[in-house]
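> To start, I am sharing the structure in question, which I have written as structure tokens.
The values are calculated or read from the model by the stated rules, or taken from the named source; none is laboratory data. Small disclaimer: the values here were computed from a predicted structure and weren't measured. A quick note on method: Cβ atoms are made from the backbone with ideal geometry, for glycine too, and the neighbour counts reach across all protein chains shown.
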Amino acid sequence: MNPSVIDIARHCKVSPSTVCRALNARRDINAATRQRILTACDKLGYVKDTGASNLRLRCSQVIACLMPDQTNELFIEKLYFIKQAVLTAGYHWRLYSFQDQAEATVLLREILSARPRGLILGLSLDRGLRNLLRGTRVPAVCYDCRTPGVDAVTLDRQQGAYEAARHMLSKGRRRILLLGSAPDSDRGRGYVKAITEAGLSVNHGLVVATPFGKNLFEYGYTLVKALLGGTAFDGILAVNDACAIGAIRALKEAGRQVPRHVSVIGFDNIMVTPFTTPALTTISQPKEEMAARCVELLLRRLADPNAARRNVRLKTALCVRESA
């Protein structure tokens, strides 16, 4: 028997209204209290019953999509292609976005209680949420992330960064700045591989892995501006295109010409990159193919719930323009 809100409240020694606020991702609740309530829900096996208001969702052909709450151009493009792939397959599309793990947990419970036809996940699930998903038997696929036991479409960022760094090395660059990625990240491993294959040692002074916020253009601009004059570099491999565009702005203000003095390569190939000055060399993500393969895996799972799990790993492509 599914425990009620009152059962959860008694277990946590809080009021039922506090439980409701936690389950509805309200901001007017202490973070520790919310996490304690969500943990209790996992332990007791609580699943929110959304009732008659979601009857249409239960009975319709809806594919739910749970994605992080972002506003950058890449994310908007990705959502567009996911939506088009879902609609082309003959299903309705419904987007849920989250700001943090706690909100994602609340929304996932809400989605699963409504029993959509399928689910596209933009986050990895912990053991408790995996068990919840398994219990509802809602077919799911991970988009650009992995969860044990769930089909997934991922991107080979390591190979992309490797090709970008190798391209700059072939142009004679020897002090390439890795901007926005750690050496043990996918991009970082590709960078390290290219550097070492060229017979060079990895200079950790050229690795800047400072966490970035929502303004990715400002991130690249501020970091490169701070590094100029103190760190010598002749190439930049940026974590994304926005960071690369910000870096180019800082270089121009300092009188450093791109690519004459510094080569710059971004990552993602967002729509603006052919129109920057100079046009940005970048690593292109197969955004449309990622969406199509994601929906393809979901349809396969719908047709055969017992099919073997698959992880489709897609390649990136180096898009050479003027900046490198």
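> Would you say R109 is surrounded by 19 or more Cβ atoms within 10 Å (Cβ to Cβ) and either within 14 Å of the chain's Cα centre (by Cα) or outside the structural domain of C243 (by TED's automatic domain parsing) (or both)?
In short, yes.
> Let me ask another. Would you mind stating whether G90 is in contact with an Asp or Glu (Cβ under 7 Å, 6 or more places away or on another chain), touching a residue at least 24 places away in the same chain (Cβ under 8 Å) and not assigned by TED's automatic domain parsing to the domain that holds A244?
no
> Follow-up. Condition check: surrounded by fewer than 17 Cβ atoms within 10 Å (Cβ to Cβ) and either touching a strand residue (DSSP E or B) at 6+ places or on another chain (Cβ under 9 Å) or touching a residue at least 60 places away in the same chain (Cβ under 8 Å) (or both). Does K225 satisfy that?
Numbers: surrounded by fewer than 17 Cβ atoms within 10 Å (Cβ to Cβ): yes; either touching a strand residue (DSSP E or B) at 6+ places or on another chain (Cβ under 9 Å) or touching a residue at least 60 places away in the same chain (Cβ under 8 Å) (or both): no.
No, not satisfied.
> Pairs please, first residue from the stretch 54-72 and over 17 Å from L302 (Cα atoms), second anywhere and at pLDDT 50 or above and polar (S, T, N, Q), Cβ atoms under 6 Å, 6+ apart in sequence or on different chains.
Short answer, once both residue conditions are applied: M67/S97; D69/S97; D69/Q99.
> Sticking with this one: Of all residues in the stretch 100-150, which are at pLDDT 90 or above, out of contact with any helix residue (DSSP H, G or I) (no Cβ under 7 Å at 6 or more places or on another chain) and of a type in the set (S, T, Y)?
Matches in the stretch 100-150: S124 only.
Here's the yes/no breakdown for (1) of a type in the set (G, A, S); (2) touching a residue at least 24 places away in the same chain (Cβ under 8 Å); (3) more than 25 Å from G190 (Cβ to Cβ):
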site: G246; (1), (2), (3): yes, yes, no
site: P259; (1), (2), (3): no, yes, no
site: P274; (1), (2), (3): no, yes, no
site: L297; (1), (2), (3): no, yes, yes
site: P305; (1), (2), (3): no, yes, yes
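> Checking S170 against (1) polar (S, T, N, Q); (2) farther than 28 Å from Q70 by Cα; (3) modelled with pLDDT under 95, only one condition comes out false. Which one?
(3)
> Now for a separate question. Residue by residue through the stretch 105-163, note down the ones that are over 23 Å from A291 (Cα atoms), assigned to a loop (DSSP other than H, G, I, E, B) and in contact (Cβ under 8 Å) with a residue 12 or more places away in the chain.
Listed by number, the list holds a single entry, A114.
> Here is a further query. Looking at the stretch 186-213, I want the residues that are under 24 Å from G230 (Cβ atoms) and have a partner that is in a helix (DSSP H, G or I) with Cβ atoms under 6 Å, at least 6 apart or on another chain. Which pairs are those?
R187/R157; R187/A161; Y191/A161; Y191/A165; V202/V192; V202/I195; V208/L223; F212/Y219
> A further question follows. Just a yes or no: is a residue in the stretch 86-98 touching a strand residue (DSSP E or B) at 6+ places or on another chain (Cβ under 8 Å) and in a helix (DSSP H, G or I)?
yes
> I need the full set of residues from the stretch 37-50 which are crowded, with 17+ Cβ neighbours inside 10 Å and modelled with pLDDT of 85 or more, in order please.
Within the stretch 37-50, I37, L38, A40, C41 qualify.
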